[in-house]
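Worksheet: one structure, shown below.
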Amino acid sequence: MRIIAGTHRGHRIAAPRGRETRPTSDRVRESAFNLIGPVDGADVLDLFAGSGALGLEALSRGAASATFVESDRAACRTINANLDKLRLHATVRCADAVRAVGAERRRYDLVLCDPPYGFEHARLAPHLAGLLADDGLLVYESSSREAPPEVPGLGVRTSRTYGSARLTLFEH
């Protein structure tokens, strides 16, 4: 995997070993950021971060800060290694995403959410609107076989399918 654009364009990043994480492909990440648009100065939250590829892409493209939330300790080590390799500074929380989101009081300009396929969206969805700044954007990746999740308090801007992945963008 590699960073697609920005100051770290072309740099390779590591992904955690095993089948516990499903890194977002370069093609889907590029498509996501084409839909998102500029992220200059944005505060970003990357939930179910895995390798951190989505949040790292945002930092490379000019985001001001990123917080990565991932429950797998090996994946957290990989995110930290990727941050060190790219000489980027961010917060990595090795915690359950649903618990972390339920306790979060900060609001973000961009929330990137890539739960495991088959994840019970209803556990997380009620908390997501409260994470977004008034003009914030939520990017939710799910299986293309599933309908986009419903997120109370947010409307769908667009939903697109890329192979086995569906990207749905939500806003207030």
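The values are calculated or read from the model by the stated rules, or taken from the named source; none is laboratory data. These figures come from a predicted structure and were not determined experimentally. Counting neighbours? That spans all protein chains shown, and the Cβs are built from the backbone with ideal geometry, glycine included.
Pick from segment 72-97 the residues that are assigned to a helix (DSSP H, G or I) and among the charged types (D, E, K, R): which of them is farthest from residue 55 (Cα to Cα)? My answer is 73.
Matching residues to (1) in contact with a strand residue (DSSP E or B) (Cβ under 9 Å, 6 or more places away or on another chain); (2) touching a residue at least 60 places away in the same chain (Cβ under 8 Å); (3) among the small types (Gly, Ala, Ser):
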position: 105; (1), (2), (3): no, no, no
position: 108; (1), (2), (3): yes, yes, no
position: 113; (1), (2), (3): yes, yes, no
position: 121; (1), (2), (3): yes, no, no
position: 128; (1), (2), (3): yes, no, no
position: 139; (1), (2), (3): yes, yes, no
position: 143; (1), (2), (3): yes, no, yes
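One residue alone among 5, 74, 15 is out of contact with any strand residue (DSSP E or B) (no Cβ under 6 Å at 6 or more places or on another chain), touching a residue at least 60 places away in the same chain (Cβ under 8 Å) and either farther than 22 Å from residue 117 by Cβ or surrounded by fewer than 21 Cβ atoms within 10 Å (Cβ to Cβ) (or both), and that residue is 15.
For segment 144-166, the criterion of being within 15 Å of the chain's Cα centre (by Cα), at pLDDT 95 or above and in a strand (DSSP E or B) is met by no residue.
Out of everything in segment 134-172 that is in contact with a Pro (Cβ under 7 Å, 6 or more places away or on another chain) and among the polar types (S, T, N, Q), what residue ends up being nearest to residue 114 (Cα to Cα)? If you could, list the steps in order and put the result at the bottom.
The first filter runs over segment 134-172 and keeps only residues in contact with a Pro (Cβ under 7 Å, 6 or more places away or on another chain), leaving 140, 142, 152, 156, 159, 166, 168.
Restricting the remaining residues to those that are among the polar types (S, T, N, Q) gives 142, 159, 168.
Values: 142: 7, 159: 14, 168: 11 Å.
Among those that are in contact with a Pro (Cβ under 7 Å, 6 or more places away or on another chain) and among the polar types (S, T, N, Q), it is 142.
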